[in-house]
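Remarks on the structure that follows.
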Amino acid sequence: MTTAIPNSYRSGPDDRGHFGIFGGRFVAETLMPLILDLEKAYAEAKVDPAFHAEMTGYLKHYVGRPSPLYYAERLTEHLGGAKIYFKREELNHTGSHKVNNVLGQIMVARRMGKKRIIAETGAGQHGVATATLCARFGLDCVVYMGAVDVERQQPNVIRMEMLGAKVVPVQSGAKTLKDAMNEALRDWVTNVHDTFYCIGTVAGPHPYPMMVRDFQSVIGSETRTQMQEAEGRLPDSLIACIGGGSNAMGLFHPFLDDPTVEIYGVEAAGHGLTQLHAASIAGGRPGVLHGNRTYLLMDEDGQIEEAHSISAGLDYPGIGPEHSWLHDVGRVNYLSATDEEALAAFQLLSRLEGIIPALEPAHAIAKVMELAPKKPRDHLMVVNMSGRGDKDVPQVGDILRGRARAQ
Amino acid sequence: MEARFAQLKQEGRSAFVTFVMAGDPDPETSLAIVKALPQAGADIIEIGMPFTDPMADGPSIQAAGLRALKAGMTLKKTLQLVRSFRDSDAATPIVLMGYYNPIYIYGVDRFLEDAKSAGVDGLIIVDLPPEEDTELCIPALKAGLNFIRLATPTTDDKRLPAVLANTSGFVYYVSITGITGAAAADSSAVGAAVARIKRHTALPVCVGFGIRTPETARAIAANSDGAVVGTALVDALRASLDPEGRATPKTVSAVADLAAALAQGVRGAQQAAE
Ligand SMILES: Cc1ncc(COP(=O)(O)O)c(C=O)c1O
């Protein structure tokens, strides 16, 4: 049971949106009035039982929650250590955890009377979730996506278009998630009067990091209950991949004040931490971008550097501000996995468990492969299976076929 | 800055404020351009500090920043550019405009000290709203630099006092909700907005975003204390470059000639109003 301890890790942010030195609201004046409106609208929704009742209904009947907590017996036997459970977010409608957050934000947008929704997307999962709920509620939807990601995540681009969304390929910068976010912010500055910006992760100006965390916390809350049912106690460790960090924050947050629970976040180490990567905590410093202060990849002049990951959903040079704080206070351990490790985990999981994971959670599985064998057999480990691999099948297929031919 | 606005008031005209990106297309040409601007009629010069992720700027200014970064521009070199300009011009106010991260990484205190000693008069930092005044605005005011804030059409009467509270030098009214380089607002709407802001402050109000021609400059200047032109100058610069994006013999004059025409527009506003 969580008892309210005085120095709770769960009490942030403060009323100006800060987690320690991180977070805040670093945006153009044009956006500030709207962000203050949003903060107010969300604060009202949060205490409105009707809002929660509506959310709960859609989560159950539309998203398909609760998602199962599955004992991965074959992976457990193969690794020979901790007892590994998967939190099956990939079974949600639209195929990832992103839908939990989008549902929440669309409910808030509806309360605010907004008719036009914009979003940025990397892997396309957030874009698909946003396009889906816009279709469901009859809202206009525009999704910004880096041109490189449009190429490597074709299945999701097609899905978004089928759902009636307009996908705008972004040609600036490295043509990936960071640039998509810049472009979405530019759209928002331009169309602020009727547009709601649905951010896909626990980043951006306050209240987004808090609001997205709250919506994703359903993952950890269900995990608590389900683990009690399955094993009669709390898990011993939690592990999730981190791009911006929303699936991880959703799993972690309800457990932050449980001192016996070890928590691991896995960043994308790309080609390796001394080369091209997307590990903001391992290879970055605190800076200010996209409305918040957080760990960022940048050069000595404060110019933002391009991230690299095989996984479009992790290819971002920043991380949510609450993660930066949890790192600085030492509550969460941040690790990283390379492209190669993720590919190996992707294949192992497909073969052993009949679950083709997205490349994003494959990064978490890669670290499970390292950590689990070192734990005793009664150690309960939960991995957030944040998304399914359908979107990555063409890309991984190309890589594996290319290698087979080269041999 | 105050002296400049007092002088303009005496002359009975509005300010012509120019924006160019530091280091665009290269540090030397950029210095030559900045030096040419006062002669062309610029009353105040805004100098952009290049940043990789200028989230409130349109394609022209984004590209200008990337050209500058590619040519090796840094925040330190931007301050050097101001210092070099000051060797020959002590009077024209210089305002640095940009985003917070490079300053944060440089170190706020060190930056303010270096900016002051280089001869910078004011700062406009796009992503620091009044809610984050403790970051840079308050320290800048303490260091004797103006902190010029943007007010926008979304800044309503309730919010204006907060926006104006720590503003100094002048108020920069962004005439549209949008990014730099977007279409201009009509001058009557601008006039009404300027009048609204002036009910809350004694500071001069300059208007920018979307001013491209001497005619628009004239119309905006007639209804405000100054007209700011950025994208049009940056576009003139870009049009003068060779296919590899390098400066040509025409680059400095391309910017200066357009600035001179716009300055005529601004000056014409006064005659028209008389
Ligand atoms: C399946 C999946 N997992 C994880 C992520 C990374 O996002 P976050 O770190 O916010 O959970 C993404 C992003 O696209 C994703 O699609």
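The values are calculated or read from the model by the stated rules, or taken from the named source; none is laboratory data. Quick caveat: nothing in here was measured; it's all calculated off a predicted structure. Cβ sites come from the backbone with ideal geometry, for glycine too, and all protein chains shown count toward neighbours. Surface areas here come from the heavy atoms of the whole protein model, side chains and all, with no ligands, DNA or RNA. Shrake-Rupley method; radii C 1.70, N 1.55, O 1.52, S 1.80 Å.
Structure values in brief
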{"item": "Long pairs among A:Lys60/A:Lys98; A:Lys178/A:Lys391; A:Lys114/A:Lys391; A:Lys115/B:Lys158, criterion Cα-Cα beyond 27 Å", "result": "A:Lys114/A:Lys391"}
{"item": "Which of A:Lys46, A:Lys115 is most accessible, then next, and so on - probe 1.4 Å", "result": "A:Lys115, A:Lys46"}
{"item": "Highest-MSF residue in chain A out of A:Pro155, A:Pro49, A:Pro169 [GNM, Cα springs under 10 Å]", "result": "A:Pro49"}
{"item": "At least 30 Å² of accessible area lost relative to the chain alone, listed for the range B:50-94 with a 1.4 Å probe", "result": "B:Phe51, B:Thr52, B:Asp53, B:Met55, B:Gln62"}
{"item": "Spatial separation of Cα centroids for the range B:74-122 and the range A:336-407, in angstrom", "result": "49"}
{"item": "Helical mean residue ellipticity (222 nm; -39500 (n - 2.57) per DSSP H run of 4+; nearest 500) of chain A", "result": "-12500 deg cm²/dmol"}
{"item": "log₁₀ of I(q)/I(0) at q = 0.10, 0.15, 0.18 Å⁻¹ - the range A:123-239, Debye sum with one point per alpha carbon", "result": "-0.40, -0.77, -0.97"}
{"item": "Volume per residue of the C-alpha convex hull in chain A, rounded to whole Å³", "result": "136"}
{"item": "Candidate lysines for bridging to A:Lys374, where Cα separation is under 23 Å - those fewer than 8 sequence places away on the same chain excluded", "result": "A:Lys83, A:Lys87"}
{"item": "Between A and B, accessible area buried - total, square angstrom, nearest 100, 1.4 angstrom probe", "result": "2900"}
{"item": "Accessible surface, the range B:148-274, averaged per residue in Å² (probe 1.4 Å)", "result": "40"}
{"item": "Antiparallel bridges, percent of DSSP beta bridges restricted to the protein assembly as shown (to nearest 5)", "result": "20"}
{"item": "Dimensions (Å) - the range A:1-79, Cα atoms, principal axes, largest first", "result": "55, 34, 30"}
{"item": "Cysteines, chain A, no other Cys beta-carbon under 4.7 Å", "result": "A:Cys198, A:Cys241"}
{"item": "Sequence-distant residues sharing a close amide H with A:Gly291 (under 5 Å, placed H)", "result": "A:Phe26"}
{"item": "Binned Cα-Cα distances of the protein assembly as shown, short to long, each 10 Å bin given as a whole percent", "result": "3, 16, 25, 24, 16, 10, 5, 1, 0"}
{"item": "Additional length obtainable on full extension of the chain from A:Thr274 to A:Asp48, 0.36 nm per residue less Cα span", "result": "76.5 nm"}
{"item": "Principal axis dimensions, chain B - Cα atoms, whole angstrom, descending", "result": "47, 41, 33"}
{"item": "Gaussian network model of chain A, springs between alpha carbon atoms under 10 Å - residue of A:Ala278, A:Ala366, A:Ala45 with greatest fluctuation", "result": "A:Ala45"}
{"item": "Largest-first ellipsoid semi-axes for the range A:1-141, taking √(5λ) over the Cα gyration tensor eigenvalues, angstrom", "result": "31, 23, 16"}
{"item": "For the range B:6-139, Kirkwood radius (reciprocal of mean inverse C-alpha pair distance, Å)", "result": "15.3"}
{"item": "Distance histogram for the range B:129-177 (every C-alpha pair counted, 5 angstrom bins, percent rounded to whole numbers)", "result": "5, 22, 31, 25, 12, 5, 1"}
{"item": "Inter-probe distance in nm under a simple model that places probes 7 Å from Cα toward Cβ, at B:Asp186 and A:Leu352", "result": "6.9"}
